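K.L.:
Take a look at the following structure, please.
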Amino acid sequence: MLKFSFLLQGENLKSAKVQGRLKDLQGNAIGTFSDNPLLNSIIYYVEFPDGAIKQYATNTIAKNMYSQVDLDGCSQTILDGIIDYSKDGHAVTMANKYVITRTGTHCLRETTIGWKLLVRWKDGSEQWIPVKLMEESNPIEVAEFAKAHDIDNEPAFCWWVPYENVIG
């Protein structure tokens, strides 16, 4: 059983334990295996201290773990939680969510410009951080925050949040 710390549950960071793989009716693991954990999408059940169970893909668990340690494997998580969001006039609007390619295909604009998240650090201080930085360092926390606040359909989130494999 693998234990990792500071996985977002609601708006709070909690430790969690991987309990087992999600399987289909034939007993096969759901997702695609890869020796590289960042490419492995097999789904696991993860249990939080309060007994809540959620499903996460291996690559999402790995990204979360890697974002919480330095090169020596020592914990460096200082994020306490994401508490608010804002967007300015540079953010892509819902009306401009798609770009039309030369062939006429509608594609989502892949940008987080104009969006910031208010984070609380472990020392109690708060700071506005661009979504781009938070998406790279704490993808699970940002994805769950976006879903919990019904902003995951906004242009800054809809092109990547569904692929974080946070289910439930």
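K.L.:
Being touching a helix residue (DSSP H, G or I) at 6+ places or on another chain (Cβ under 7 Å) and among the aliphatic types (A, V, I, L, M) is the filter; apply it to segment 29-64 and report the residue that is nearest to residue 17 (Cα to Cα).
P.N.:
42
K.L.:
Continuing with the same structure: Is it true that residue 108 is in contact with a helix residue (DSSP H, G or I) (Cβ under 9 Å, 6 or more places away or on another chain), modelled with pLDDT of 90 or more and not assigned by TED's automatic domain parsing to the domain that holds residue 53?
P.N.:
no
K.L.:
Those residues that are more than 18 Å from the chain's Cα centre (by Cα) and part of a loop (DSSP other than H, G, I, E, B), I need them from segment 96-117; list them, please.
P.N.:
Listed by number, the residues that qualify are 97, 101, 102, 103, 104, 105, 109, 114.
K.L.:
In segment 124-152, which residues are closer than 15 Å to residue 86 by Cα and not in a helix (DSSP H, G or I)?
P.N.:
126, 127, 128, 129, 130, 149, 150, 151, 152 - these are the residues of segment 124-152 that are closer than 15 Å to residue 86 by Cα and not in a helix (DSSP H, G or I).
K.L.:
Also, I was wondering about something else. Look at residue 81 and say whether it is within 18 Å of the chain's Cα centre (by Cα) and at pLDDT 85 or above.
P.N.:
yes
K.L.:
Tally time: how many residues in segment 108-149 are crowded, with 17+ Cβ neighbours inside 10 Å and in contact with a Phe, Trp or Tyr (Cβ under 6 Å, 6 or more places away or on another chain)?
P.N.:
4
K.L.:
Within segment 33-55, track down each residue that is within 19 Å of the chain's Cα centre (by Cα) and assigned to a loop (DSSP other than H, G, I, E, B).
P.N.:
Passing the criteria: 36, 37, 38, 39, 40, 41, 42, 48, 52.
K.L.:
Follow-up question, since we're still on this one. Only one of these conditions is not met by residue 161: (1) closer than 22 Å to residue 40 by Cα; (2) at pLDDT 90 or above. Which number is it?
P.N.:
The failed condition is (2).
The values are calculated or read from the model by the stated rules, or taken from the named source; none is laboratory data. Everything numeric here is computed off the predicted structure, so don't read it as measured data. A quick note on method: Cβ atoms are made from the backbone with ideal geometry, for glycine too, and the neighbour counts reach across all protein chains shown.
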